[in-house]
Every structure is written in structure tokens, then in C-alpha cells.
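**Q** One structure, as C-alpha cells, below. Some questions next.
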Amino acid sequence: MTATTKISRPNDLSAFWMPFTANRQFKQTPRMLVSADGMYYKTDDNRDILDGTAGLWCCNAGHKRPKIVEAVKAQMDELDYAPAFQMGHPKAFELASRLAQLMPGDLNHVFYTNSGSESVETALKIALAYHRARGDGQRTRLIGRERGYHGVNFGGISVGGISGNRKTFGQMLGGVDHIRHTYLPEENGVTRGMPEHGAFLADDLERICALHDPSTIAAVIVEPVAGSTGVLIPPKGYLERLREICTKHGILLIFDEVITGFGRLGAPFAVDYFGVQPDLVTTAKGLTNGTIPMGAVFATDAIHDTFMTGPENMIELFHGYTYSGNPVACAAGLATLETYEEEGLYEKGKELGQYWEDAVHSLIDLPRVKDIRNLGLIGAIELEGIDGFPTKRAFSAFLKAFEKGILIRTTGDIIALSPPLIIEKSHIDQLFGTLREVLKEID
Ligand code: PLP
């Protein structure tokens with residue numbers, strides 16, 4: 001496009017290059033959401049769409065929650081922005097204290113970011129800097145897992161294990177390796193909850209340690225439940241084993257809780273749910289109920305205190321973002337935590353877990369359904385792909401579902417569901433009743 005053919009219509013769709021979207025397809029038949037309340041979105045043609053995905057795994061308390069709306073409005077009136085470096089404001093400290101209280105163990109220190117991707121970069125950098133601060137600076141390797149998703153920045157795609165997110169971007173970080181993923185369809189296909197088999201997959205870390213020597217490895221990062229790659233539930237005993245191996249070799253264990261954090265599994269964090277204590281935890285999304293971009297990295301006392309040495313006028317960690325602890329985001333975060341607590345939303349995955357599980361698994365009789373998995377308020381329905389056209393079948397399901405009034409998310413040929421935690425049985429019935437029709441109607 002030349003300068004003389006500039007876009008002038010405000011509703012022209014071509015200027016916005018949409019993220020992780022089939023832009024040309026979208027712009028031919030746009031799917032526009034114009035408002036939201038509770039469990040439902042509203043489209044520009046005035047249709048109600050049941051939110052089966054909590055936005056993008058982030059609106060855990062549903063939409064337009066009064067406490068959050070009011071807190072954001074009030075904060076804008078009071079203090080819109082405060083410099084993040086060398087200055088503070090009370091809500092950043094208050095939120096960090098509340099978060100530290102909510103997180104089990106001694107993960108008592110919170111570093112603010114603006115997204116899951118930034119939380120991942122931050123945690124990886126803290127891990128490297130921590131070892132160096134201890135005089136163990138040869139620990140520079142970072143280990144991820146096949147099929148892992150850790151956002152889209154260079155650190156995240158390097159430790160991530162989704163080839164589509166890596167292949168077009170040239171050089172990844174050096175010194176990165178990956179352990180095996182945790183999906184064993186032969187043994188664990190159509191499992192309810194955590195699979196029985198596969199704790200041994202954690203031993204793959206020993207193979208990596210033998211290859212590189214553990215003294216070169218700084219950290220291992222995994223999602224406790226892999227989400228974006230199609231919901232891979234950790235086998236029983238797997239995370240415990242991973243913890244043991246990391247401890248044995250002095251390697252930091254990072255849990256990427258960007259989707260599991262804030263109630264998704266029926267506990268505040270996967271750390272609570274699995275009872276496995278990592279050294280660093282990355283979060284975002286549900287922290288502000290998706291309203292204002294914000295992420296947080298939790299670090300243990302031991303990691304944090306390692307940095308708190310040297311001259312007191314010196315910056316201890318050369319890292320941070322202009323919007324780290326933004327006042328409006330902090331206000332949204334505080335109101336979000338209050339909403340979760342007041343409405344018992346951390347418990348919802350437990351309370352409704354069985355009803356949800358039964359509903360997800362009720363689809364197993366449908367043709368072209370290959371596997372079904374669930375945990376907490378997460379469900380995945382894996383479809384047989386169409387030969388030569390990967391992702392096409394699931395994408396057709398997504399489009400048909402939207403037409404029929406439900407929002408689902410697909411990744412590869414897998415439908416992933418993660419509704420707001422305010423979901424009720426009637427919504428679950430609507431979601432799976434409609435999905436049944438959708439899966440019957442698509443080719
Ligand atoms: N880590 C995990 C486990 C995620 O699921 C995501 C996003 O879905 C991210 C990191 C990246 O988060 P963001 O999109 O906020 O950068």
C-alpha cells in the first residue's frame with residue numbers, strides 16, 4: 001500500500017494485524033464481541049455467546065465484575081501512573097503481600113510484569129542471575145519440555161516446545177534443551193483426571209543431566225498442566241519426581257502457572273493442588289481477571305535474599321518494565337483477589353469438578369473424537385485430524401460453535417475448554433449440549 005492509499009475508514013479491518021489469528025479468514029467474516037457480562041459475551045449482531053474459555057484462560061471470575069470495574073475507575077481518578085523504578089505506591093506493596101500470602105511455602109517475593117510471556121522471561125533471567133550471584137555462574141542452561149508453551153518472547157519460545165511457534169524465527173536462545181512431553185495416548189488415552197502411568201517421564205531430566213552435566217543447568221521450566229499444546233495432564237507422581245531430580249542436582253524448578261494460577265484446578269495455584277513446591281512461579285492472566293495486563297513472578301526467600309547483598313544504594317536486579325506494578329493493574333488485581341475469595345472461586349474446580357468431568361467425557365461416543373482429558377475446570381476433546389489438513393477440523397468446530405452461541409478454543413485438532421469459574425451446571429449443560437451438536441454437524 002502506498003502513502004496515497006492510506007486507510008481512512010475507521011471501521012476498516014486491514015490496519016489491525018491480529019495476533020495468533022488467520023487474518024484473511026477473519027476479515028472476510030469477522031467475529032466481533034462488543035460487550036460481556038458474567039458468563040456471556042455479546043456480539044455486534046446482538047447474539048449471546050457463552051464463554052467456554054474465560055476469554056483466553058484469564059477471566060476466571062467472569063465478565064464485568066462490579067468490584068473490579070469500580071476499583072479500576074477509582075484508581076484512574078486517584079493515581080493513574082507512578083514510575084516503576086526507584087519509586088513506589090501503596091497498592092503495589094499491598095497486592096504483593098496478598099499474593100505472597102496466597103501462594104504456599106516460602107514463595108514470598110513478587111516481581112511484576114505485564115503478561116505471561118514477560119513473566120517467563122523474568123523467571124528465566126532471575127534463575128540465571130541467582131546462580132551467578134551465588135558464584136555458580138556456569139549454570140547457564142535452561143531446560144524446557146516438548147509441547148510446552150511459555151509465551152512468545154525469545155526465551156519463552158526457546159524453552160517452549162511447540163514447533164510452529166519456533167520454526168520461523170531463526171536463532172533460539174543457546175544452551176537450551178528439552179525433556180519429553182507427558183502425553184502417552186496408548187497408556188493414558190481417555191483418562192479422567194490425572195493419568196496413572198508416566199511418572200517415569202520425569203527421569204528424562206536425568207538423561208539431559210548426564211548429557212550436559214547438571215552443574216551447567218540453571219533451571220527447568222514446565223507448565224504443571226500443559227495448556228496451549230492441547231491440555232496434557234501430568235501423570236501421578238511426575239511433578240514430585242521432577243522436583244526430586246532438580247533438588248538433587250541444584251537445579252531451580254520453575255512452574256509456569258499462567259493458566260493454572262488463580263483457581264483453575266480447584267485450588268489457588270497448581271502448587272497447592274499438586275503439593276509440589278517449585279523455586280519460581282510465573283503467573284499473569286487471572287491475576288487481574290484479564291482486565292488490565294499484568295503478570296507476577298513469585299520467588300522463594302532463598303532466591304530473593306541471595307540478591308539482597310552488596311552496597312545498599314545499588315540496584316540488585318537489572319530488570320523491570322515501565323508498567324511493572326502499574327497502579328491501575330494493582331487496583332484490578334486487589335479487587336480480583338477479593339472477588340475470588342468472596343465468591344469461593346478457588347473451590348469451584350473441586351465443587352463442580354465431577355459434573356464438569358462427566359460432561360466433558362459424555363462426548364466420547366461421537367465420531368472423530370480421539371481422546372478426552374480433564375482436570376479441575378479444564379477439559380480437552382481431541383479430534384482425529386483430516387489427512388493433509390491439520391487443524392482444519394477443529395477450526396470448523398470453532399466456527400460452528402461460535403455460530404451456535406458458544407466460545408471454544410482450539411489448538412491443533414484439540415478443543416480446549418476453560419470456562420470462567422462462576423460457571424453453573426446449567427451453563428455446563430449448554431456448553432456440552434451445543435458442542436455435541438457442533439461435533440455431529442462438522443465433517
Ligand atoms: N505461559 C503459559 C503457560 C501460557 O499458557 C501463556 C499464554 O497462554 C503464556 C505463558 C503467555 O502469556 P501471555 O500471552 O500473557 O504473554
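**Q** Assuming 0.36 nm per residue, please report the length gained on full extension of the stretch residue 272 to residue 403 beyond their Cα-Cα distance. Mind dumping the intermediate values first?
**A** Values: separation 131, 0.36 × 131 = 47.16 nm, distance 3.81 nm.
Here the segment from residue 272 to residue 403 would lengthen by 43.4 nm.
**Q** Further, regarding this structure: When we measure straight from the Cα of residue 67, which lysines land under 28 angstrom away, once same-chain ones fewer than 8 places off are left out?
**A** Straight-line reach from residue 67, under 28 Å: 42, 91, 285, 348, 350, 425.
**Q** Under 17 Å Cα to Cα from residue 27, which aspartates and glutamates show up? Leave out anything in the same chain fewer than 8 places away.
**A** 12, 44, 45, 403
**Q** Quick check on the chain: helices-only [θ] at 222 nm, where DSSP H runs of length 4 and up contribute -39,500 (n - 2.57) each and the sum goes over total residues. Nearest 500, please. It would help to have the intermediate numbers written out before the result.
**A** Working: 17 runs with 159 residues, N = 443.
So the helix-based figure for the chain works out to -10500 deg cm²/dmol.
**Q** If you don't mind, there's one more thing I want to ask. Give me 125, 425 sorted ascending by neighbouring Cβ count inside 10 Å, so fewest comes first. Please list the in-between numbers first.
**A** Numbers: 125 16, 425 11.
By the 10 Å Cβ count, ascending: 425, 125.
**Q** Here is a follow-up. Let's see if you can work this out: charge +1 on each Lys and Arg Cβ, -1 on each Asp and Glu Cβ, no other charges. What is the dipole magnitude of the chain about its Cα centre, in debye to the nearest 20? Walk me through the intermediate numbers first.
**A** Numbers: 44 positive and 55 negative charges, 253 e Å.
The dipole magnitude comes to about 1220 debye.
**Q** For the stretch 276-433, give the magnitude of the charge dipole about the Cα centre (Cβ charges: +1 Lys/Arg, -1 Asp/Glu; no others), in debye to the nearest 20.
**A** Numbers: 12 positive and 22 negative charges, 168 e Å.
My answer is approximately 800 debye.
**Q** Give me the one-decimal nm value for the distance between modelled label points at residue 386 and residue 370, 7 Å along each residue's Cα-to-Cβ direction.
**A** Going by the 7 Å Cα→Cβ label model, 1.5 nm.
**Q** When 382, 257, 70 are ordered from fewest to most other Cβ atoms inside 10 Å of their Cβ, what list results? Can you show the working numbers first?
**A** Values: 382 23, 257 29, 70 12.
Result, fewest neighbours first: 70, 382, 257.
**Q** Round to the nearest 0.05 the FRET efficiency obtained for residue 106 and residue 28 when R0 = 60 Å and r is the Cβ-Cβ distance. Working shown, then result.
**A** On the way: r = 53 Å, r/R0 = 0.88.
The calculated FRET efficiency here is 0.70.
**Q** If we sort 42-50, 21-29 on the protection proxy, mean other Cβ atoms within 10 Å, highest first, what's the order?
**A** On the way: 42-50: 14.1, 21-29: 10.9.
Top of the packing list down: 42-50, 21-29.
**Q** Using alpha-carbon pairs under 8 Å, 6+ residues apart, how would you state the relative contact order of the chain in percent? Walk me through the numbers on the way to the answer.
**A** Details: 867 pairs, mean separation 94.5, N = 443.
After rounding, I find 21 percent.
**Q** Please compute the length gained on full extension between residue 312 and residue 20, using 0.36 nm multiplied by the number of residues separating them and subtracting their Cα-Cα distance. Don't jump to the answer; show the numbers that get you there.
**A** On the way: separation 292, 0.36 × 292 = 105.12 nm, distance 4.40 nm.
Stretched out fully, the residue 312 to residue 20 stretch lengthens by 100.7 nm.
**Q** Among 223-229, 202-208, how do they line up from the highest to the lowest mean number of other beta-carbon atoms within 10 Å?
**A** 223-229, 202-208
**Q** Between the stretch 347-395 and the stretch 25-90, what's the alpha-carbon centroid distance in Å?
**A** 27
**Q** To continue, here is another question. Is the shape of the stretch 54-117 rounded, prolate or oblate, going by the alpha carbon gyration tensor and its root eigenvalues a ≥ b ≥ c, with a/c under 1.5 for rounded and a/b larger than b/c for prolate? Mind dumping the intermediate values first?
**A** On the way: a/c = 1.69, a/b = 1.06, b/c = 1.59.
Oblate shape, in that a/c is at least 1.5 and b/c is the bigger or equal ratio.
**Q** Ok, one more. Could you pull out every one of the aspartates and glutamates with an alpha carbon less than 16 Å from that of residue 167, ignoring same-chain neighbours closer than 8 positions?
**A** Within the straight-line limit of under 16 Å, residue 167 reaches these aspartates and glutamates: 146, 177.
**Q** On to the next question. Return a whole-number percent for the relative contact order of the stretch 156-254, with Cα pairs under 8 Å and 6 or more residues apart as the contact set. Kindly include the intermediate steps, with their values, before the conclusion.
**A** On the way: 103 pairs, mean separation 29.2, N = 99.
The normalised contact order for the stretch 156-254 reaches 29 percent.
**Q** Another question, if that's okay. Rank-order 320-329, 110-119 by packing density, defined as the average count of other C-beta atoms within 10 Å over each peptide's residues, highest first. Can you show the working numbers first?
**A** Details: 320-329: 20.3, 110-119: 24.7.
By packing density, highest mean first, the sequence is 110-119, 320-329.
**Q** Taking H placed 1.01 Å from N in the peptide plane, check which residues at least 5 places from residue 219 or on another chain put their amide H under 5 Å from its amide H.
**A** 143, 252
None of the figures in this text is laboratory data; all of them are computed from the coordinates on show. Just so you know, these numbers come straight off a predicted model, no measurement behind them. For neighbour counting, all protein chains shown are included, and Cβ atoms are generated from backbone atoms with ideal geometry for every residue, glycine included.
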